[in-house]
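To keep things clear, I will list the structure first and then write my remarks on it.
Since every read-out is calculated from the coordinates, none of them should be taken as a lab result. Quick caveat, the model's predicted, so the values are computed rather than measured. Glycine gets a Cβ as well: all are built from the backbone with ideal geometry, and neighbour counts include every protein chain shown.
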Amino acid sequence: GDAGRKEKDILLRIFVNSLREWQREGRVWIGKMSGKSAQTIQQLLEAEKAAAEVVEQARKERDERLKKASLEAEAEIAAYREMLEKEYQEKLAKFKASEGDVSKMVKEREEKEIAAVKAAATKEKDAISSQLVEWVCEIDTGV
């Protein structure tokens, strides 16, 4: 995309600037280039093109690796979330089951305690009644 175009522009500018510098120093006269100089320039252009292709291929491979890594990470995250949700649901089910067991135990205990109090009251009813009658009917002569 734009980054590749920018790199190519930069490389082209460097190449053109190098040619201009060589021209100023008298090393290469663009108008009077020999066949060997033209061949060298062609080789440089081909090398630049090959380098650009290598860079582009490396970018594509990097992008593919990043995409693959992203997909793998998303899959791992989804699996982890699923595992956490399963654990949560299991704990919630245990809690609800134990909550029902606890309320059942409390209710049974209350019923047993009430039955014990009623049984004790029935058992001691006659003795307590006779004791109360005795206390009420007792005459205190010491007053």
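The table below gives the values:
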| item | result |
| --- | --- |
| Protection proxy ranking of 45-56, 65-76 - average other beta-carbon atoms within 10 Å, highest first | 45-56, 65-76 |
| C-alpha long axis of helix 35-137 to longest principal axis of the chain, angle in ° | 0 |
| Convex hull of Cα atoms in segment 33-101, direction-averaged projection (nm²) | 4.7 |
| Loop GluC sites (Glu not before Pro), segment 93-143 (other Cβ atoms within 10 Å of the site Cβ: 15 or fewer; DSSP) | E138 |
| The chain: calculated mean residue ellipticity at 222 nm from DSSP helix runs of at least 4, using -39500 (n - 2.57) | -33500 deg cm²/dmol |
| Calculated log₁₀ intensity ratio I(q)/I(0) where the Debye formula runs over C-alpha points of the chain, q = 0.12, 0.16, 0.21 Å⁻¹ | -0.85, -1.03, -1.23 |
| Cα-based Lys pair tally, segment 54-113, threshold under 26 Å, eight or more apart or on separate chains | 11 |
| Gyration tensor verdict on segment 88-143 (Cα atoms; rounded if a/c is under 1.5, prolate if a/b is larger than b/c, oblate otherwise) | prolate |
| Nearest-20 debye value, segment 33-101 charge dipole, Cβ charges on Lys, Arg, Asp, Glu | 280 |
| Packing rank of 8-18, 79-89, where each peptide gets the mean count of other beta carbons within 10 Å, highest leading | 8-18, 79-89 |
